[in-house]
Amino acid sequence: MKETVKPSDMAKPSECLCHIEPGDLSPLPPPYEDFNEKAIPPLNPEKVKHIETSLDDTVAIGIPKPANREEEEELVRRFLSGLKKLFEKENNWTFLQPLLLSMEHCTKCQTCSDACPVYEMSGKKDIHRPMFRAEVLRRIYNKYLKPGGKITAKLTGDIDLNWTTIARLAELSYRCTLCRRCATVCPIGVDNGLINHEIRKLFSQEMGIAPKEIHEKGTSQQLRVGSSTGMNPLAAKDSVDFIQEEMEEITGWKVDIPWDVEGADILLLHNAGEMLAWPENVGAFAIIFQAAGLSWTLSSETVGYDAVNYGLWYDDVQFSRVAVRHAEIARRLKVKKIVMGECGHAHKALTVIADRLLTGDLNIPRESAMVTLEKIVLGGKLKFDPRRNDFPVTLHDPCNFVRAMGIVEPQRRILRKIAPRFREMTPHGVDNYCCGGGSGFAIMSPYNFEAWRNLVSSRKKFLQILNAFQGEPAEIPKYVCAPCSNCKGAIRDIINFYHAEERSRIYYGGLVELIVNAMADMKKPLIQFGDDPSWKA
Amino acid sequence: MGFYLLSYLCILVFFLAAGCHVYRQWTLPMHVRWELYPVQHEVSGKLVHGGSYMEDWNWWEKEQRSSFLNELKYMVPEILFIRGLWKENRKLWWVSFPFHFGLYLMIATFGLLVLHAFSVLPGGAPPAGGALRTLLSGMTVLTGWVGLILGVTGSAGMFFRRLIDPELRDYSSFVDYFNIVFIFLFFLFAFLACLFTDPLLEGAKAYTFGLLTGGDSLNAYAPAQTFLGGGTIVFASLLVAYVPLTHMSHMFMKYFFYHNVKWDDAPNRRGGPVEAAVLKNLALKPTWKAKHVEADGRKSWQEIASSAPKEMK
Ligand code: SF4
Ligand code: SF4
């Protein structure tokens, strides 16, 4: 029988509050049944000796254990002071209204649970219910910060507050991808993804607790060096030089990528991870923009060549700093608009969230590359031969620009024109499922977290991909189009983890690669399936 | 007179508490955008797939269009029939819908009773007949009875669902049960009062008339004369005061969920009202304690956002 875990159990000492047994996870179809008995590999006891691990089978942050009781008590005090600040306009004007509404009106109807891919795929573990962590926060807030809370808690829902509760809550806030699918189905409008986001902020902004990959090596490194990849401007330029050469070699097309062109119409912002992991994406953008005759530029200024803004996931202050830097760079270049490359969270960060942060001449128009590309592809200036993309294609919808920005159709109109065997996933568009790598997960791999991601948070996406290609022979290559760097990273990892390339010939890539692959002027294909070219002889 | 005083007091509490909720929402600082698509006021061409104005090339050069009709098309079935729950959580809908619709019909019945009271106000005593009053009386009986039957079954169903379904039970507190039982008792008393003493809601008419006139009686019969009638008045009055003090205030707070968060897609245009609100926010001075924030209570958000942190960990 399934063991029930209640919010109040968060305070009770135990080695592991929620354990996933082999066979608990949602089953996968053939030929992947061998993964159904897989469990998350155990943490190495030596490696986790000094960190908090009492939530579940994995670790995302790795919070050091407090040395003594005084330290624990001090951390509890810090937590409460941070919690109080979440409800103050000086400290949290950014999200105060949505937070208050969501904190006060949940009816505990559980409608949101079934919408959450993490909950469903985990084998319906209670701690992964979207409202679970919200309810923990709500109870702490009601009991410890509201007048008379200690008495009313007996009636409204009790919880004890100790270091165990807090350490678990911090970890638990990194088991949700902030995809906000739960919020779309809540009959009230409560947004548990948002509450989770606020929990992360409390830990980061008050207690300095955040995963290394998104803070120290993420926003901090980006602000200091220029990119969360660690690339400084010189290294970025080198990478792009290399991309130009590579693209010419692969496609026979001479690519010229412009840097720091003052007065260009467009500043194109790429996720710098593309330059390292998927250089053909950067190259394909250049080919398309060049062929369309656009006036555009990249920026080599620190931060200007990396569109990412990990602050979106955990820290409003770091978020604001990165967004302001992006806008300042665009202002200095005097561009007419910023075009966001294939990076979902960067889209949402700079286009939507920073919209109420950037004022005056920093408020430079921002546009999604999906829109710019649609204009080019459907504009008639470039010629396409869709038969070149004669393989099954499905589209992944990045939550950050689909559900959070309503950019749904441009990428589809492109695919309908250039990919004759395009088919949708079920469900798709604003009802899509997250890739499982959202909110930083795609770049986080401490301890055994990557295995947790592949087995749990990305599992639903993997099932969706398999379903989309159902009926296609195993031996023909298939393409998952994921127009977002983080999603692409997560999808790459699931393909590798489940050996989907070997077993079902599933490949992945961005949208621009498909566009270039279908351009009539191309002499050679850009997309390869292993050693095979994507064009049929 | 005691019953009337209780009702007046409870109505006052309702308006004060609801007013506080609404006032607080109005005075909160403008937050960053956090809309969620589909945004229901989008024009039909976009709404059909959940798209936004940001799907348009150079969208900022165009005038932003929205459709109130589309919003209504969504809101009306959502409010009246709880369509979202029908779609996403059918087994709960079967009890939640009668419960909510029963409450709506109670509100409608009260509205009709007030109209009826107005229709007889000038003379104090009801002149016989009158097409309007007959219509109002008929509608009152209809909405009242249907509402009570739905309400009794819906609230009982909600109670048992919460009790039986482990998904709900494990997260329910005393207050969650108390709220439903409270509403159930109101429906039950009102239902029994109608069944045994007041099938045509004459007592309800008399009491509502009394509410408007400071206790003048409409006729010889007063509902408070019976145990069931008195209980109904007490429960109804207390319920009116209680709803805005609990999460049940979502009945009207949903407006803010939708209009101020989920569908708030207003872009920031230079020199516009959004920009003015943003500038006000940027002048606020945070006190977050983590080292990398570098807040000291004197630096504003604007200053902090324009600075690079010295502390990198
Ligand atoms: S967040 Fe919404 S859907 Fe989830 S339990 Fe609360 S009210 Fe129900
Ligand atoms: S935001 Fe996504 S991952 Fe997080 S609780 Fe909601 S549905 Fe689950």
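The values are calculated or read from the model by the stated rules, or taken from the named source; none is laboratory data. For clarity, every value in this text was computed on a predicted model and none was experimentally measured. Please note: Cβ atoms are built from the backbone with ideal geometry, for glycine as well, and neighbour counts cover all protein chains shown.
Below is a table of values for the structure above.
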quantity: Matching residues in the stretch A:103-120 - criterion: being among the hydrophobic types (A, V, I, L, M, F, W, C) and more than 9 Å from ligand 2 (Cβ to nearest atom); calculated: A:Met103, A:Cys106, A:Cys109
quantity: Verdict on A:Lys348 being closer than 14 Å to A:Leu298 by Cα and either without any contact (Cβ under 8 Å) to a residue 60 or more places away in the chain or out of contact with any strand residue (DSSP E or B) (no Cβ under 6 Å at 6 or more places or on another chain) (or both); calculated: no
quantity: Selected residue (only one of B:Leu69, B:Leu85, B:Leu9, B:Leu105 is modelled with pLDDT of 95 or more, in a helix (DSSP H, G or I) and within 14 Å of chain A (Cβ to nearest Cβ)); calculated: B:Leu85
quantity: Filtered residues of the stretch B:1-28 (kept if among the β-branched types (Val, Ile, Thr) and touching a Ser or Thr at 6+ places or on another chain (Cβ under 9 Å)); calculated: B:Ile11
quantity: In the stretch A:22-36, the residues that are surrounded by 11 or more Cβ atoms within 10 Å (Cβ to Cβ) and among the charged types (D, E, K, R); calculated: A:Asp24, A:Asp34
quantity: Scope the stretch A:176-214; condition part of a loop (DSSP other than H, G, I, E, B), among the basic types (Lys, Arg) and within 8 Å of ligand 2 (Cβ to nearest atom); matching residues; calculated: A:Arg180
quantity: Cβ-Cβ under 9 Å pairs, at least 6 apart or on other chains, the stretch A:90-105 side within 14 Å of A:Asp316 (Cα to Cα), far side polar (S, T, N, Q) and part of a loop (DSSP other than H, G, I, E, B); calculated: A:Glu90/B:Thr287; A:Asn91/B:Thr287
quantity: Unique match (being of a type outside the set (Val, Ile, Thr), under 25 Å from the mean Cα position of the chain (by Cα) and in the same structural domain as A:Thr164 (by TED's automatic domain parsing)) among A:Leu75, A:Leu43; calculated: A:Leu43
quantity: Every pair of residues 6+ apart whose Cβ atoms lie under 6 Å, when the first sits in the stretch A:115-127 and is assigned by TED's automatic domain parsing to the domain that holds A:Leu172 while the second is polar (S, T, N, Q) and within 14 Å of ligand 1 (Cβ to nearest atom); calculated: A:Tyr119/A:Ser113
quantity: Complete set of residues in the stretch A:147-167 that are small (Gly, Ala, Ser) and surrounded by 14 or more Cβ atoms within 10 Å (Cβ to Cβ); calculated: A:Gly149, A:Ala153, A:Gly157, A:Ala167
quantity: Selection within the stretch A:90-114 - among the aliphatic types (A, V, I, L, M) and more than 7 Å from every other protein chain (Cβ to nearest Cβ); calculated: A:Leu99, A:Leu100, A:Met103
quantity: Residues located in the stretch B:67-120, provided they are among the charged types (D, E, K, R) and surrounded by fewer than 18 Cβ atoms within 10 Å (Cβ to Cβ); calculated: B:Lys73, B:Glu78, B:Arg83, B:Lys87, B:Arg90, B:Lys91
